[in-house]
Amino acid sequence: MTVAAISLDEYRQRIGTTIGTSRWFSLDQQRIDTFAKVTEDEQFIHVDPAAAAQTPFGGTIAHGFLSLSMLSAMVASAVPPIAGTQMGINYGLNSVRFVKPVASGQKVRGVFVLKDVAERNPGQWQSTLGVSVEIEGEDKPTLVAEWLILAVVEPVAA
C-alpha cells in the first residue's frame with residue numbers, strides 16, 4: 001500500500017508534524033532467518049531459539065539492522081510523496097540509536113516526523129525525517145533515527 005502524493009506546498013506545510021505512521025510489520029523468525037542468511041549475520045541470538053532462550057533476551061531477537069532496513073517499506077505505507085516524484089533516493093542517516101530489541105514474532109511500525117525539506121538542486125528535494133520504530137505493545141521504540149531522503153521531482157509545467 002502506498003500513500004497518495006501531495007503537492008510540494010502541502011508537503012512543506014507539514015514540516016514539524018507527524019507526516020505518517022506505517023502499517024504494522026511482523027518480524028517473525030522466518031524473516032529474521034532470511035535476513036541472517038542475506039547479511040551473513042547468523043549470530044545465535046538471532047537464529048538459534050534454544051541457545052537464545054538461555055540469554056537475558058529469553059529467545060531470538062531481530063537484528064537491529066533488520067528493523068532499520070524496514071524503513072523503506074514503512075515510509076512507502078506512511079509518508080505521502082511529493083507530487084511528480086520520479087524516484088526517491090535513500091540519502092543517508094544523520095543518527096541511529098537501537099533502543100530496545102525486537103523479540104521474534106513481534107510487530108513494528110514507523111512513525112515519521114517531517115523535520116525539514118530543502119531543495120538541493122533544481123527538482124531535487126531533500127527531506128529530513130525523524131523516525132521512531134515502535135514495537136507493538138511496548139513503551140520504548142526499537143530504534144530512533146534521523147533519515148535523509150532525496151526526491152527527484154519532475155518540473156511543474158508553467
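The values are calculated or read from the model by the stated rules, or taken from the named source; none is laboratory data. For clarity, every value in this text was computed on a predicted model and none was experimentally measured. Positions of Cβ are backbone-derived with ideal geometry, glycine not excepted, and every protein chain shown enters the neighbour counts.
General remarks:
- Residue list for region 57-67, restricted to those being surrounded by fewer than 23 Cβ atoms within 10 Å (Cβ to Cβ), small (Gly, Ala, Ser) and either assigned to a loop (DSSP other than H, G, I, E, B) or at pLDDT below 95 (or both): Gly58, Gly59
- Residue list for region 68-82, filter: touching a strand residue (DSSP E or B) at 6+ places or on another chain (Cβ under 6 Å) and assigned to a loop (DSSP other than H, G, I, E, B): Met70, Ala78, Val79, Pro80
- Filtered residues of region 27-52 (kept if within 16 Å of Gln106 (Cβ to Cβ) and either touching a helix residue (DSSP H, G or I) at 6+ places or on another chain (Cβ under 9 Å) or loosely packed, with under 12 Cβ neighbours inside 10 Å (or both)): Leu27, Gln29, Gln30, Arg31, Ile32, Asp33, Phe35, Ile45, His46, Pro49, Ala52
- Residues located in region 1-40, provided they are without any contact (Cβ under 8 Å) to a residue 60 or more places away in the chain and within 27 Å of Gly137 (Cα to Cα): Gln30, Arg31, Asp33, Thr34, Phe35, Ala36
- Every residue from region 94-121 that is farther than 17 Å from Tyr11 by Cβ, touching an Asp or Glu at 6+ places or on another chain (Cβ under 8 Å), assigned to a strand (DSSP E or B) and among the charged types (D, E, K, R): Lys107, Arg109
- If the condition is being in contact with a Lys or Arg (Cβ under 8 Å, 6 or more places away or on another chain) and not hydrophobic (A, V, I, L, M, F, W, C), then region 58-94 contributes only Ser77.
- Residues located in region 102-158, provided they are of a type in the set (Phe, Trp, Tyr) and more than 18 Å from Ser69 (Cβ to Cβ): Trp125
- For Ser77, the requirement of being hydroxyl-bearing (Ser, Thr, Tyr), touching a residue at least 40 places away in the same chain (Cβ under 8 Å) and more than 30 Å from Thr55 (Cβ to Cβ) is met.
- Only one entry of Gly110, Gly92, Gly84 meets the criterion of being surrounded by fewer than 14 Cβ atoms within 10 Å (Cβ to Cβ) and touching a residue at least 24 places away in the same chain (Cβ under 8 Å), and that entry is Gly92.
- Test: residue in region 122-131 that is assigned to a strand (DSSP E or B), free of Cβ contacts under 8 Å to residues at least 24 places away in the same chain and either farther than 26 Å from Asp33 by Cβ or basic (Lys, Arg) (or both): yes
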